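Asks: Dumping the structure here so I can ask a few things about it.
The values are calculated or read from the model by the stated rules, or taken from the named source; none is laboratory data. In this text, all values refer to a predicted model and were calculated from it rather than measured experimentally. Glycine gets a Cβ as well: all are built from the backbone with ideal geometry, and neighbour counts include every protein chain shown. Note: areas computed on protein heavy atoms with side chains; ligands, DNA, RNA excluded. Shrake-Rupley method; radii C 1.70, N 1.55, O 1.52, S 1.80 Å.
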Amino acid sequence: MTDEMTDKLTYVREKSREMARQCNLDFYIDFAAEHSLAKEIFFTHPLMVRLREDVLPFLNDGYGHGIKHSKLVAIDAGTLGIIETKTVNNPAESKKFCILAQMCGLLHDICRLEDDHAVKAAEFSEIILKDYPLSTEDKNNIAFAVRTHEAFKTWPRGDTSSSRLLSAALYDADKFRWGPDNFITTLWEICYYEEWTLQEIIERFPAGLQMMEKIIDTFRTPTGRIYGPEFIRCGLEIGSGVYRLLKQDVP
């Protein structure tokens, strides 16, 4: 990668961050309390502290799906878990579901650079969680959620309402990252990792934006179906701006 190309990508990346700062997503406004609670659980609960240490060696930061990505997915999955279980009127059960959802978030990309990464991550999650104080059902539900988090694939529905909701919360939180995050971190880390030329990035961009747009109709939780499309539309707006900047002065 030439110095000139590095300078251009750095400039465009900074511009993408400026655009992203204009996105005041309703999800974080309307559910500020739930999001704050999810963050507190993520950073302080003993199981989450332990799991963060256990999965750290398996998260590849250089490919846009590492520590930061997994943390954001975990916290948002936990937030969705709190929101979707509030009707049970049982704070302990809601907190437990938040923890399980956050575990899914930390585990879902531990095999990201392998073929069939979701299936392999699900299998690996069972090994990592073997000695954790969780029921067999909880461990199975986590593995099921991790196995079924990829987009544009057909998966079994899940045996219980808990397994279905856990899978849906992980999926939606992961797909929230297809919004502004795509152009704050993910895109650039993948570009550097793959060592794409500027022309290769430009050629791939339209297909990437089209794939993003298809995510809008795939959200699974009731909350995700309402708030998820805003993430994607905001990301598409940023992506279109990034695409225009990348093409400037390119023959």
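Asks: Of LYS153/LYS214; LYS71/LYS153; LYS15/LYS175; LYS39/LYS139; LYS39/LYS86, which ones are farther than 19 Å apart at the Cα?
Replies: LYS71/LYS153; LYS15/LYS175; LYS39/LYS139
Asks: For the chain, what does -39500 (n - 2.57) per DSSP helix run (n ≥ 4), summed and divided by total residues, give at 222 nm, in deg cm²/dmol to the nearest 500?
Replies: Values: 12 runs with 174 residues, N = 251.
Computed ellipticity for the chain at 222 nm equals -22500 deg cm²/dmol.
Asks: Assign one of three labels to the stretch 1-58, namely rounded, prolate or oblate, based on the Cα gyration tensor with a ≥ b ≥ c the square roots of its eigenvalues; rounded applies when a/c is under 1.5, prolate when it is not and a/b is larger than b/c, and oblate otherwise. Walk me through the intermediate numbers first.
Replies: Values: a/c = 6.02, a/b = 1.48, b/c = 4.06.
Here the stretch 1-58 falls in the oblate category.
Asks: Please report Rg over Rh for the chain, where both radii come from the alpha carbon positions and Rh follows the Kirkwood definition.
Replies: Rg/Rh for the chain comes to 0.98.
Asks: Give the calculated FRET efficiency between THR154 and ASP249 to the nearest 0.05, with a Förster radius of 25 Å applied to their Cβ-Cβ distance.
Replies: Efficiency for this residue pair is about 0.05.
Asks: Report in % the part of the accessible area of the chain that belongs to carbon and sulfur, leaving out ligands and nucleic acids; probe 1.4 Å.
Replies: 50 percent
Asks: Most fluctuating residue of PRO229, PRO206, PRO133 in a GNM of the chain with Cα springs under 10 Å: which is it?
Replies: PRO133
Asks: Using the Kirkwood formula on the Cα atoms of the stretch 131-251, what hydrodynamic radius do you get, in angstrom to one decimal?
Replies: Averaging 1/r across every pair of different Cα atoms and inverting gives 16.1 Å.
Asks: Taking the Cα centre of each part, how many Å lie between the stretch 175-189 and the stretch 77-117?
Replies: Computed from Cα coordinates, the inter-centre distance equals 20 Å.
Asks: Looking only at TYR227, TYR11, TYR171, which one moves most when the chain is put into a Gaussian network model with springs between Cα atoms under 10 Å?
Replies: Looking only at TYR227, TYR11, TYR171, the biggest GNM fluctuation is shown by TYR11.
Asks: Quick check: from the Cα gyration tensor, does the stretch 1-132 come out rounded (a/c under 1.5), prolate or oblate?
Replies: It is oblate, given that a/c is not under 1.5 and a/b is not larger than b/c.
Asks: Could you calculate the contour length gain from LEU209 to GLU93, that is, 0.36 nm times the residue separation minus the distance between their Cα atoms, to one decimal place in nm? Write out the running numbers ahead of the final one.
Replies: Working: separation 116, 0.36 × 116 = 41.76 nm, distance 3.87 nm.
Full extension of this stretch gives 37.9 nm more.
Asks: For the chain, what does the accessible surface come to per residue with a 1.4 Å probe? Please give it in Å².
Replies: On a per-residue basis, the chain sits at 50 Å².
Asks: Given the options GLY208, GLY81, GLY66, which has the most mean-square fluctuation in a GNM of the chain, springs set between C-alpha atoms less than 10 angstrom apart?
Replies: Sorting by GNM fluctuation, first place goes to GLY208.
Asks: Right, another one. For an R0 of 41 angstrom, estimate the FRET efficiency from the Cβ-Cβ distance between THR218 and GLU14 and round to the nearest 0.05.
Replies: That pair, THR218 with GLU14, gives E of 0.85.
Asks: Still on this structure, I have one more. Using only the Cα atoms of the stretch 45-117, what do you get for the radius of gyration and for Dmax, in Å?
Replies: 13.2, 42
Asks: What FRET efficiency would be calculated for the residue pair LYS86, GLU114, taking the C-beta separation as r and a Förster radius of 35 Å, to the nearest 0.05?
Replies: 0.45
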